[in-house]
Each structure stands twice: as structure tokens, then as C-alpha cells.
1. List the residues whose amide H sits under 5 Å from the amide H of Leu195, counting only those 5 or more places along or on another chain, with H placed 1.01 Å from N in the peptide plane.
2. Counting other Cβ atoms within 10 Å, which GluC sites (Glu not before Pro) in the range 236-312 have at most 10 and lie in a DSSP loop?
3. Could you check the spin-label model distance between Leu41 and Asn221? Points 7 Å from the Cα along Cα→Cβ, value in nm.
4. Just one of [x] 1.34; [y] 1.06; [z] 0.98 is Rg/Rh (Cα atoms, Kirkwood Rh) as worked out from the coordinates here. Which one is it?
5. Can you tally the lysine pairs in the chain where the Cα-Cα distance is under 18 Å and the two residues are eight or more apart, or on different chains?
6. How much length is gained on full extension from Ile90 to Arg75, taking 0.36 nm per residue of separation minus their Cα-Cα distance?
7. Between Leu192 and Ala296, 0.36 nm times their residue separation minus their Cα-Cα distance comes to what?
8. Return Ile40, Ile184, Ile256 ranked ascending by Cβ neighbour count within 10 Å, so the fewest neighbours appear first.
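Values quoted throughout were computed directly from the atomic coordinates according to the rules given, and no laboratory measurement underlies them. This structure is a prediction, so every number in the text was calculated from the model and none was measured. No Cβ is skipped: glycine too gets one built from the backbone with ideal geometry, and neighbour counts run over all protein chains shown.
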Amino acid sequence: MSEQLALDQTSGLLKSISLPVWAAALSALLLLLLAAAGIILLVMLRRACRRAAAKSVPDRVSGYAVGKLHSQGAREAQQDCFAVSDQTLIPRRGLLAVVADGMGGLADGDRASAAAVQAALDAFAAGAGGEDPEAALLAIARQTVRQVNEQLGSEGLRKSGSTLAMALLREDKLYFLTVGDSRICLYRQGVLYQLNREHVYRRELALRAVNGEMPLEAALNDEKGGALTSFVGMGALKGIDMPAAPLTLFPGDRVILMSDGVYNALSEQELSGALESEPEEAVRVLEAAVKEKGFADQDNFTAVVLGCRGER
């Protein structure tokens with residue numbers, strides 16, 4: 001016989017009762033079976049969660065779609081320039097997109113932007129920087145700056161210039177380098193993210209205000225706040241912008257490079273709405289939206305939209 005505790009229904013107290021050995025063994029076996037069933041159920045739930053999580057992760061990027069927008073706006077000349085590398089280079093080098101905005105306040109901005117884009121394309125096709133994408137962008141930028149500076153000559157520096165925005169897509173990674181105020185943004189699942197930091201005087205003013213060197217209101221409202229502090233054609237650059245690490249891309253992502261003629265004309269909501277479409281359609285929507293504004297002083301506006309293909 002085996003003794004176990006049970007609740008006395010009359011007194012409400014625990015009392016000792018005797019059970020046959022077989023009954024005690026059966027009770028212990030049932031407890032073990034329940035414990036084992038609980039463990040098995042827990043393992044199955046964990047596996048199900050892992051499978052669900054794996055299914056929620058998008059597949060790798062399998063290719064790219066490209067949309068291109070290039071318009072003179074209301075200006076007398078087109079000083080923007082852009083290019084996308086030859087797609088035959090994708091397996092070995094990736095896809096490079098370049099947007100350069102010639103500075104309207106300086107002479108021959110169109111020549112500076114065209115020279116910058118051509119130099120970038122040539123350096124990329126020649127394999128500048130080797131296999132490492134970050135080294136490649138730095139080498140391309142160095143060659144671009146050198147070539148534009150040589151074209152301008154020592155007396156022409158700062159009398160002409162251009163911004164430079166370069167995005168390099170290799171497999172499912174995005175690398176970029178920018179100089180000036182042309183923007184690179186990522187559109188993902190309904191949200192538009194600006195990736196690069198602009199080189200404008202407004203940032204220097206903000207720093208001075210934080211350090212107590214000038215009033216905050218004066219820093220925010222300075223008319224010269226949009227002036228470029230770093231641009232191709234100034235000689236030695238004062239700054240470049242690169243990410244600390246490449247950004248992982250997923251199918252459905254859109255990467256847009258654009259001159260200020262685009263982002264100054266359109267709101268974030270308008271940009272996002274256009275980027276819901278495939279790249280070729282997105283640039284048509286962007287162009288129509290800018291033209292619909294009808295700004296009398298509409299700047300040149302240029303954009304390259306890169307769409308990441310693959311099943312989600």
C-alpha cells in the first residue's frame with residue numbers, strides 16, 4: 001500500500017489515505033505523461049514560431065528596376081546631370097546611380113555636373129577601388145573631384161561646382177556617398193527615410209547656436225542657410241557623407257536619388273505616394289506632380305528611382 005494526501009470533504013482538512021501500489025504507480029505515470037506532453041507541445045509551438053518568423057522575412061533581392069526623371073523646369077538652362085551604370089556590370093560590380101546638380105549661382109554649373117557624372121561612370125567601369133564597395137565609392141569620388149578640379153583649373157575653383165550623390169547597389173546591400181545637398185532616400189513599406197546628411201551652412205549655424213555663439217532664431221532664419229559648404233569644384237572638399245555600414249535591402253524597397261528641384265517642390269507625402277508605384281511609373285508620377293505645382297521659379301529637377309525586385 002502507498003499513502004497519499006487528500007482533501008477531507010467534511011472537515012476541509014488534508015488527511016492521509018492509503019492507495020494500492022498499482023494505483024500510486026498509475027498516478028505517477030499519468031503525471032509523467034502530462035509533463036512529457038507539455039514539453040512536446042512547447043517544442044512544437046517554438047518550431048511553429050520559428051517557421052512563421054522565417055516566412056515573414058523577405059527573400060533576397062534578385063534584381064533591380066530603374067526609373068529616370070530629368071526636366072529643366074522653369075530655368076533657362078539644364079544644370080542637372082545623372083547616369084546609371086551599364087547593367088552588364090551588375091554581376092561583377094553592382095549597379096551605380098549618380099545624380100549631380102550644377103550650382104546655379106556659379107558659372108558653367110552644367111559643365112561641372114556633366115564632368116562629375118562622366119568621371120564617376122568612367123571610374124566605376126574601370127574598377128576603381130577594387131572589389132570592396134566602400135573603397136570603390138571613395139576611389140570614384142576621389143577621381144571625380146580630381147577630374148573636375150583639373151577641368152576648372154586653379155583660377156576656376158569655386159567659380160563653378162556641382163553636388164554629387166552616388167548610390168551603389170550590390171546584391172542586397174546599399175552603399176552611398178554624397179557631397180552637397182542632393183538627397184538619397186529609402187522608401188520602405190509606406191515610410192520615406194532620408195539617408196544622407198546635406199552639406200549646407202544651416203548646420204554650421206545650428207552648431208554655433210548650440211554653443212551659445214548666436215541666437216537660435218537667427219540660426220534658423222538665416223537667408224544663407226541653404227548655401228553649400230562642400231561641393232565638387234571647390235578644390236579640397238570640406239565634407240562627404242557615407243553610412244557607417246551598408247544598408248540591407250529587401251524586395252519592394254525603393255531607393256531614390258534626387259536634386260533639390262524635386263524635394264523642394266514636393267512634400268514627403270507626395271514623394272511617398274509616387275514611390276508606391278514601380279520605378280518607371282513612379283518617375284512619371286513625380287514629374288506630373290512637380291509640373292502641377294506650376295512654380296514660376298521651378299528649378300531643374302532630376303531623380304533616379306531604383307526598385308529592388310524579388311518575391312516577398
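1. Result for Leu195 returns Ile184, Cys185, Leu186.
2. Numbers: sites: Glu268, Glu270, Glu276, Glu280, Glu281, Glu287, Glu292, Glu311; in loops: Glu276, Glu311.
Hits after loop and neighbour filter: Glu311.
3. That separation, rounded to one decimal, is 6.8 nm.
4. Matching the structure shown: [x].
5. Working: Lys68/Lys291; Lys159/Lys224; Lys159/Lys238; Lys224/Lys238.
Here the count comes out as 4.
6. Details: separation 15, 0.36 × 15 = 5.40 nm, distance 3.53 nm.
Contour length minus the Cα-Cα distance gives 1.9 nm.
7. Numbers: separation 104, 0.36 × 104 = 37.44 nm, distance 2.74 nm.
Stretched out fully, the Leu192 to Ala296 stretch lengthens by 34.7 nm.
8. On the way: Ile40 10, Ile184 24, Ile256 30.
Ranking Ile40, Ile184, Ile256 by Cβ neighbours within 10 Å, fewest first, gives Ile40, Ile184, Ile256.
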